[in-house]
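Everything on this sheet refers to the single structure shown next.
The values are calculated or read from the model by the stated rules, or taken from the named source; none is laboratory data. Source: prediction; values computed, not measured. A quick note on method: Cβ atoms are made from the backbone with ideal geometry, for glycine too, and the neighbour counts reach across all protein chains shown. To get the accessible areas, we keep the full protein, side chains included, count just its heavy atoms, and leave off ligands, DNA and RNA. Shrake-Rupley method; radii C 1.70, N 1.55, O 1.52, S 1.80 Å.
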Amino acid sequence: MRSGLICFIAVGAAAFTSRFAGPARAADPPGGKSIFDLDGKQSDPVSGNSGPRPATRPGEPSGSNPIVIHRPPVSRPPAANQPFAVPAFEFLARAELAVKSSIHPYPPQSVADRQAIAKKLLQRGLEANDPAEKFVCLRESRDLSAAAGDLPAAVSALSELSKTFAISALGMKVDLVTKFDAATLSPADARSLAKYAMDTGAQAITADDFDQAEKAFAVATAAAKASGDASLVQSAATRSGDVASLREEAARIKPHEQKLVADSNDPVANFAVGRFRCFRKGDWSGGLPLLAKGFNKLFKALAEEELAVPATPQKQFDLANRWYDQAKLQPDAAQLSVYTHASVWYSAALPGLSGADKTIATERIAEYPPPAPPPTTVAKVNAANGKIAKEFWFNDGGPPGNPATRIWLQTGDNTWEERYPDGRLSRFKVSGPSEDADHPGLIVTKLNEAPVEVLVPPGTEGALIYFRFIGQPAWIPLGRIHVGPLPR
């Protein structure tokens, strides 16, 4: 009787273990190598960089074989507009082994093969339902595109990664630019990489992440040299050398930022923080509203004029001249930011200028080129359009039908119109999908008017619509959209 009971308990325990512990951990490949790398190191799931295999329990030595409790991967989509968490290591490991085993040879060696396989992996990642497979395909597409020197394709894969998964978009951008070998690129591609890396560095500075800024500007400097563009080399070198002083100045500005938390209208703190953001960090969309509340009457007037968005070429040209004149009076470290900001307005005014004014604008744009938006793959526009309402409206807080109500209509595959009840009309062209995971949607650019971009959000009732000045990273909310019947 007792022996029968013992046998029953043993069988039951074995069944319980089999049911809840999951399958046994797969053995390592021959030679003890990881399925990720030939050197037996584990790849970081986000960046793909190799490093020592981490311990999974406190005190466990690196490289040991811990007991793994297997749980099924989550294959259902997250809540609307909510990204997936990055899948656990064990699921990424299986997915990577499956993906790489399906491609022969892997990794591909020729540039053409890398580009072709990167394109297939991007499509596979877009269509995959399993988060681990989706993550691995998009990450590998990014890395193969970078290895092929194809920046737009790499940015496209990175955009999908940052939209789909809860990862640091800034960290991923910096990681991306460091994967390129500028020496192997054509002058045109090296120039594109330099501009993208400089834009990434500027975003890092805006976020006060000076370590990431140093990495991005180092890539920008190398790429600028490979491009042979002397002005770009000078600009990249200046921004790279400026990071240390920016770090110190940011520390000095902290008390003023804390003051604004307690009193958002303090004129001294508004001027100090606004000037630092605009003139030193290049964050004009974040700094102009503060300058407009500052004590300095000259910069207050300039900021208010710009925030009102002058619409005629002559007003834009006049504003550009005033910023250009102020740049001359600033310390050396602040001049470049103000000069390039003046060029943003010169560029906006240029199509409507003639004679001497056009000559001045052209020369100054060439001397201090305005920041360029990062490269994007316009092929993604159609996919983004599928999620966006073709007509909607929003207002600035007044009732429907008042002059602040704005009706948006998609008038073509790549064109939009913004209509006011009083007959005013603005036209926009599609620039591409947003690459900011926190601000999904479609970016459209105003035609023949102010240098303004608008972020058209996915067609969800109550979603925020944003605008920003071209070349600036920060989006400013305009209002919440309504996708019901349009006001008449």
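A few remarks follow.
- Considered as a group, the residues in the stretch 289-317 that are open to solvent by less than 20 Å² (accessible area, probe 1.4 Å) and modelled with pLDDT under 90 include one that is nearest to Ala213 (Cα to Cα), and that residue is Glu306.
- Hey, Ser156 of a type in the set (Gly, Ala, Ser), in a helix (DSSP H, G or I) and modelled with pLDDT of 85 or more or not: no
- Residues that are touching a residue at least 40 places away in the same chain (Cβ under 8 Å) and either surrounded by fewer than 17 Cβ atoms within 10 Å (Cβ to Cβ) or among the basic types (Lys, Arg) (or both), drawn from the stretch 334-359: Pro351, Gly352
For (1) under 17 Å from Ala334 (Cα atoms); (2) open to solvent by 20 Å² or more (accessible area, probe 1.4 Å), each residue gets a yes or a no:
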site: Met198; (1), (2): yes, yes
site: Ala204; (1), (2): no, no
site: Asp209; (1), (2): no, yes
site: Ala223; (1), (2): no, no
site: Arg247; (1), (2): yes, yes
site: Ala250; (1), (2): yes, no
site: Lys259; (1), (2): no, yes
site: Val273; (1), (2): yes, no
site: Phe276; (1), (2): yes, no
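- Within the stretch 93-150, the set of residues being in a loop (DSSP other than H, G, I, E, B) and either open to solvent by 20 Å² or more (accessible area, probe 1.4 Å) or among the polar types (S, T, N, Q) (or both) comprises Ser102, Ile103, His104, Pro105, Tyr106, Pro107, Gln109, Ser110, Asn129, Asp130, Asp150.
- Qualifying positions in the stretch 241-274 - in contact (Cβ under 8 Å) with a residue 24 or more places away in the chain and of a type in the set (Asp, Glu): Asp242, Glu249
- Filtering the stretch 225-240 to residues that are in contact (Cβ under 8 Å) with a residue 40 or more places away in the chain and either buried (at least 22 other Cβ atoms within 10 Å of the Cβ) or in a helix (DSSP H, G or I) (or both) leaves Lys225, Ala226, Ser227, Ser231, Leu232, Ser235, Ala236, Thr238, Arg239.
- Applying the criterion of being modelled with pLDDT of 75 or more and open to solvent by less than 20 Å² (accessible area, probe 1.4 Å) to the residues of the stretch 446-488, the residue that is nearest to Glu306 (Cα to Cα) is Val452.
- Single condition Leu302 does not satisfy, out of (1) touching a residue at least 60 places away in the same chain (Cβ under 8 Å); (2) in contact with a Lys or Arg (Cβ under 7 Å, 6 or more places away or on another chain): (1)
- Ala269, sole failed condition from (1) among the aliphatic types (A, V, I, L, M); (2) open to solvent by less than 30 Å² (accessible area, probe 1.4 Å); (3) at pLDDT below 90: (3)
- Each residue in the stretch 241-289 was checked for being part of a loop (DSSP other than H, G, I, E, B) and over 20 Å from Ala301 (Cα atoms), and 2 pass.
- Some residue of the stretch 119-130 being farther than 25 Å from Asp150 by Cβ, at pLDDT 50 or above and touching a Ser or Thr at 6+ places or on another chain (Cβ under 8 Å): yes
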